[in-house]
1. Only one of M214, M227 is in contact with a strand residue (DSSP E or B) (Cβ under 9 Å, 6 or more places away or on another chain) and hydrophobic (A, V, I, L, M, F, W, C). Can you tell me which?
2. So, of the residues in the stretch 239-263 that are among the small types (G, A, S) and within 15 Å of the ligand (Cβ to nearest atom), which turns out to be nearest to the chain's Cα centre (by Cα)?
3. State the number of residues belonging to the stretch 221-269 that are surrounded by fewer than 20 Cβ atoms within 10 Å (Cβ to Cβ) and at positive phi.
4. From the list G60, G51, which residue is of a type in the set (G, A, S), more than 6 Å from the ligand (Cβ to nearest atom) and buried (at least 19 other Cβ atoms within 10 Å of the Cβ)?
5. Please state which of the following conditions E144 fails to meet, knowing it meets all the rest: (1) outside any loop (DSSP other than H, G, I, E, B); (2) among the acidic types (D, E); (3) touching a residue at least 24 places away in the same chain (Cβ under 8 Å).
6. Please go through the stretch 144-166 and pick out each residue that is out of contact with any helix residue (DSSP H, G or I) (no Cβ under 7 Å at 6 or more places or on another chain), modelled with pLDDT of 95 or more and of a type in the set (A, V, I, L, M, F, W, C).
7. Kindly list the number of the only condition in (1) assigned to a helix (DSSP H, G or I); (2) away from the ligand (no atom under 16 Å from the Cβ); (3) under 23 Å from G154 (Cα atoms) that fails for S277.
8. More than 16 Å from the ligand (Cβ to nearest atom) and either more than 29 Å from F278 (Cβ to Cβ) or open to solvent by less than 20 Å² (accessible area, probe 1.4 Å) (or both): is that true of L179 in this structure?
Amino acid sequence: MSSLPSTHGSGFLVPAQAEIVGKHSFGPDIHAYELRLADPAKRPRFDFLPGQFNMVSVPGVGEVAISISSDPDEEILEHTIRIVGRTTRVIDRLEVGDVLGLRGPFGNGWPLREARWKDVLVVTGGIGCAPVTGAIEYMMRRRENYGRIRILHGVKTANDLIHRDRLLAWRDQPATEVLLTSDQPDRHWRDRTGVVTELFDEVEIDPTRTLVFMCGPQVMMRYGVSMLGERGVPKDRIFVSLERSMKCAVGLCGHCQLGPEFVCKDGPIFCFSRIESFFRVAGL
Ligand SMILES: Cc1cc2nc3c(=O)[nH]c(=O)nc-3n(C[C@H](O)[C@H](O)[C@H](O)COP(=O)(O)OP(=O)(O)OC[C@H]3O[C@@H](n4cnc5c(N)ncnc54)[C@H](O)[C@@H]3O)c2cc1C
């Protein structure tokens, strides 16, 4: 219990009520929900680090781990949710004015302090961009503290592209490149074609001053790490955000365990060299 962040106080197992104050849909299966805590006194407890997640609940239905995708400098907590199963199917039906339960924030954040004055390469696939969008907003607000920022984002089809406005806005920032690719492009797609790791050939990567933030499907991350290794980027400069089945979120139940690591409290962001041996084991 002592390893919990101090922001949790005693209420980390009891959800707070949060009102949906905005809902933006990216196609039928993915929505970004803007949440505001009903009790203003509880809002400071939800100060978060980019990369952390909340447990979002529907009373009587279930609770799901969802990354906070908003800018940490904003009071509104945004969660970008893909509708996949029992609980998210109920969340799908909720609209502005409805109320959700919220516990958190949990886990660690991206190594934004370590990344200061360095180049940052962000590699994401599909909805995998959600855990890192808050970190990118954070760096953009402090643009002078970071070197070159490259954002490589891959989607299956054009319809899977979420947070397009943000991606386009980051493209206009100084010393920032945003490359988008689709492996099943339609005739309206104007960006690259192929999988996201093919974009490594299009950017200059200085392995001595680059930190990599990566999230997306596990197979993408595995190939990504190996291809970055061929370009001289050591595994201890690559950080990945992991998803595992999660229940308590505070390191008690063991559902999310990966070898000796608890994804909920030791992660969800790990330096790749720390988890490499477990990452390769099928089913873990
Ligand atoms: C730290 C963390 C951050 C996450 N961030 C996001 C996010 O920002 N947006 C988002 O849409 N999802 C995110 N997820 C995944 C999300 O928690 C699951 O999609 C959700 O729990 C599914 O719940 P359900 O009741 O709707 O589906 P269920 O009925 O429980 O399951 C439906 C299907 O999804 C699979 N599944 C369930 N939970 C997970 C999980 N945790 N990881 C992978 N597959 C799962 C099941 O095996 C099943 O195949 C995150 C997970 C973790 C651990």
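The values are calculated or read from the model by the stated rules, or taken from the named source; none is laboratory data. Note that the structure is a prediction, hence the values are computed from the model and not measured. Positions of Cβ are backbone-derived with ideal geometry, glycine not excepted, and every protein chain shown enters the neighbour counts. Keep in mind that these areas ignore ligands, DNA and RNA; they rest on the heavy atoms of the full protein, side chains included. Shrake-Rupley method; radii C 1.70, N 1.55, O 1.52, S 1.80 Å.
1. Criteria check complete, one pass: M214.
2. Among them, the one singled out is S241.
3. Here the count works out to 4.
4. G51
5. That leaves (3) as the condition not met.
6. Answer for the stretch 144-166, where residues must be out of contact with any helix residue (DSSP H, G or I) (no Cβ under 7 Å at 6 or more places or on another chain), modelled with pLDDT of 95 or more and of a type in the set (A, V, I, L, M, F, W, C): there is none.
7. So S277 meets the others, but not (3).
8. So L179 fits the description; yes.
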